[in-house]
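A.B. asks: I have a structure here, written as structure tokens, and I will follow up with some questions on it.
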Amino acid sequence: MNNEDHKFSPNNLIAEKSPYLLQHAYNPVKWFAWGEKAFNKAKVEDKPIFLSIGYATCHWCHVMERESFEDEEVAKLLNDSFVSIKVDREERPDIDSIYMKVCQMITQRGGWPLTIIMTPDKKPFFAGTYFPKYGRGGMPGIMDVLSQVVKVWTENRNEILSSTKEILSHLEESVVSKLSSYDTDDLFNNAFTMLSSQFDRRKGGFGSAPKFPSTHRLLYLLRYWKRYSDNNALEMVEKTLSEMRLGGMYDHIGFGFHRYSTDENWMVPHFEKMLYDQAMITLAYTETYQATKDIKYKKTAEEIISYVLRDMTHPEGGFFSAEDADSEGVEGKFYTWTKEEITTILDKEDAELYMKIYGFEDKGNFLEEATREKSGVNIPFLQQSLENVSNKKNNERLEHLRTILFNVREKRVHPLKDDKILTDWNGLMIAALAKSARIFNNMEYLAAAEKSAQFILENLKSADGNLLHRYREGESVINGNLDDYAFFIWGLLELYEASFKTKYLEYAIELNRIILEKFWDNEVGGFFFTSTDSENLLIREKQIYDGAIPSGNSVALLNLVKLGRILSDPKLEEKADILMQNFATEVKRIPYAYTSLLSALDFFKGPSFEIVVVGDRTAETTKKMIGSINSEYIPNKIVILKDTKDEEIIKIIDILRNYNQINEQPTVYICKNFVCKQPTNDITKMLEMLITIED
């Protein structure tokens, strides 16, 4: 867009790379990016800082921009009396996490846009989320808030300083931890009981509206089912995944999942699409297919991946972050249809079939949130599973119609694509692709995962070997945080087991060494979110809550256990135990909030398997042996290949020099809970050893 298309001159954000910051570059508000330039200005001019945190695909961030930040009256108040800073929460999760904790502490709620007012030395004294320009419905307006802050800042500064001291004291208390013992069975069972009590038995998922995928809970429930042979846990997983796939939260025309459902029926989504959701949901459908062998879960995972590879992939590798909910200023416009559109595009018989199966209504099939009246447009959703309403012929016909509608939809104005590449989210997608490649025996997925990993290693790894967080348009910046390291190590470990290329194992070992050196709390254990090289903020956090994505500590626990078993390194397992003790008090209180951590703990406790296959990787017998291992749902295992034609792995794992083929045939060595079985060439015997629950 040319400058003449904008009403206002650009502000300081015009020099930034973040799509979110660039969205605000032509606001009349004189925004600054987070940095010393802004803080020095606030100190010199003795002004409070107005901090606004959001992200490029955030619907209510767009609304607040239109209502307030593009408004000259609001801008004048901010420019005259504040120094205004914009932060992209996806670029600076360290900043966002601290000030979100402040918001939750003060208001008992949180979300984006996040609004913070603080002193020039970054100490907050006011917090909130979205504010309209003027107050309505009991909600204060931003003009009222800003005017009141100016009055207090001018007339009663001591009240503000007293408030900042109290907030800082609470913040510092929140990061104090001490080691505590834990009982794994108690944690597992209490988490399951809590999840069961929240489970929606009618439509799947947990709680009511809004309803989120919460896939880390599903992944945990699969492990609970495996451990305790409790079919209730598997039924909860299957019910949720089946209902999610039927609802409007799934994009039935272009594939992939929207962020969450605004209702309890998975019907009306918040339409943004996030890379991390695609990764985590792919993992859930892939593992559930592996556990049940039900092809519908595999098909859904494959469709999600096709969306990511088609629409969210950088030509050189690496995956983009998100797609917006809005297009042309309207949420969901890109994804919704009128009956008239369908009847114009398809012939009469095809249109009637499509609209019947996908729940179309004359006046639209959902209510507008603001008016509570029918919207006039439809969200495609399945009223029941396709196998119940159609035969193979109809399925082929519906796929043909989907393709026609997809091609028409492609000509619409697309939502904004946030094309920055984040190391942590890419790590999740690499893990999902590598696992899917292994379970589905799909080399295209493996190639995409490897290409992304190579992109990270070439573009988001500094000369001194440390990871960086964000890449966009040739610029790689921001020190990597714990999630960047933990998620990427997870992806590399999954890549090793999918490809058996030793370089991925070597990278994982080196990066794990760095996080132990730069993120580990040497006093009480656990990993800080930021490294010793990162910017000093109000506190140095240790995060454990598993939200939309797992916490870095949860995934780091899994990595420590897996690397400990791969390398036969008890020191790594000792670190894992200390990490678990560090968070045990918090986890014991509400274990269902830490299900990624519990999944890692499930591996740590065992039973777990260390499997070594010795054979020529190109030989069909070796491939069949590995394929048989991959076909079984055995989440707590590591698989190592000693290739008889390439023994590079011995440089990493010296004890493998003692592992040899029997009778010159591919041979598998299986150790379970630190006890090794007799090696075998027989795939049937191998599977018996792996599947048998008890020794």
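The values are calculated or read from the model by the stated rules, or taken from the named source; none is laboratory data. Treat the numbers as computed from the prediction; the structure is a model and nothing was measured. Don't worry about glycine lacking a Cβ; one is built from the backbone with ideal geometry, like all the others, and counts go over all protein chains shown.
A.B. asks: Kindly list the number of the only condition in (1) crowded, with 22+ Cβ neighbours inside 10 Å; (2) farther than 21 Å from residue 366 by Cα that fails for residue 230.
C.D. replies: Every listed condition holds for residue 230 apart from (1).
Residues are listed down the side, and each one gets a yes or a no for (1) crowded, with 18+ Cβ neighbours inside 10 Å; (2) of a type in the set (Phe, Trp, Tyr):
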{"site": "191", "(1), (2)": "yes, no"}
{"site": "194", "(1), (2)": "no, no"}
{"site": "199", "(1), (2)": "yes, yes"}
{"site": "215", "(1), (2)": "yes, no"}
{"site": "218", "(1), (2)": "yes, no"}
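A.B. asks: Let me ask something else about it. Confirm whether residue 670 is crowded, with 16+ Cβ neighbours inside 10 Å, of a type in the set (Val, Ile, Thr) and free of Cβ contacts under 8 Å to residues at least 60 places away in the same chain.
C.D. replies: No; evaluated as a whole, the condition is false for this residue.
A.B. asks: Residues of segment 152-197 being among the aliphatic types (A, V, I, L, M) and closer than 27 Å to residue 116 by Cα, which ones?
C.D. replies: 152, 160, 161, 167, 168, 171, 175, 176
A.B. asks: Tell me, yes or no, whether segment 68-86 has at least one residue that is under 29 Å from residue 421 (Cα atoms), at pLDDT 95 or above and under 27 Å from the mean Cα position of the chain (by Cα).
C.D. replies: So far as segment 68-86 goes, yes, one or more of its residues are under 29 Å from residue 421 (Cα atoms), at pLDDT 95 or above and under 27 Å from the mean Cα position of the chain (by Cα).
A.B. asks: Would you confirm whether any residue within segment 101-115 is surrounded by fewer than 18 Cβ atoms within 10 Å (Cβ to Cβ), assigned to a helix (DSSP H, G or I), in contact with a Pro (Cβ under 9 Å, 6 or more places away or on another chain) and on the phi < 0 side of the Ramachandran plot?
C.D. replies: No, the conditions are met nowhere in segment 101-115.
A.B. asks: Hydrophobic (A, V, I, L, M, F, W, C) and surrounded by fewer than 21 Cβ atoms within 10 Å (Cβ to Cβ): does that describe residue 457?
C.D. replies: When the stated conditions are applied, residue 457 passes them.
A.B. asks: Just give me the residues in segment 116-138 being touching a Pro at 6+ places or on another chain (Cβ under 7 Å), of a type outside the set (Phe, Trp, Tyr) and assigned to a loop (DSSP other than H, G, I, E, B), in sequence order.
C.D. replies: Result: 119, 129.
A.B. asks: Okay, next question. With over 23 Å from residue 176 (Cα atoms) and either surrounded by 16 or more Cβ atoms within 10 Å (Cβ to Cβ) or within 24 Å of the chain's Cα centre (by Cα) (or both) as the only criterion, which of 649, 590 stands out?
C.D. replies: Result: 649 is the single residue among 649, 590 that is over 23 Å from residue 176 (Cα atoms) and either surrounded by 16 or more Cβ atoms within 10 Å (Cβ to Cβ) or within 24 Å of the chain's Cα centre (by Cα) (or both).
A.B. asks: Let me ask something additional. So which of 348, 339, 374 ends up being loosely packed, with under 14 Cβ neighbours inside 10 Å and in the same structural domain as residue 402 (by TED's automatic domain parsing)?
C.D. replies: Residue meeting the stated conditions: 348.
A.B. asks: Out of everything in segment 166-206 that is free of Cβ contacts under 8 Å to residues at least 12 places away in the same chain and assigned to a loop (DSSP other than H, G, I, E, B), what residue ends up being nearest to residue 606 (Cα to Cα)?
C.D. replies: The extreme case among them is 183.
A.B. asks: Within segment 631-644, can one find any residue that is in contact with a strand residue (DSSP E or B) (Cβ under 6 Å, 6 or more places away or on another chain), of a type in the set (D, E, K, R) and over 30 Å from residue 288 (Cβ atoms)?
C.D. replies: Yes, because at least one residue in segment 631-644 is in contact with a strand residue (DSSP E or B) (Cβ under 6 Å, 6 or more places away or on another chain), of a type in the set (D, E, K, R) and over 30 Å from residue 288 (Cβ atoms).
A.B. asks: Looking only at segment 584-639, how many residues end up being within 17 Å of residue 195 (Cα to Cα) and without any contact (Cβ under 8 Å) to a residue 24 or more places away in the chain?
C.D. replies: Residues flagged as within 17 Å of residue 195 (Cα to Cα) and without any contact (Cβ under 8 Å) to a residue 24 or more places away in the chain within segment 584-639 amount to 1.
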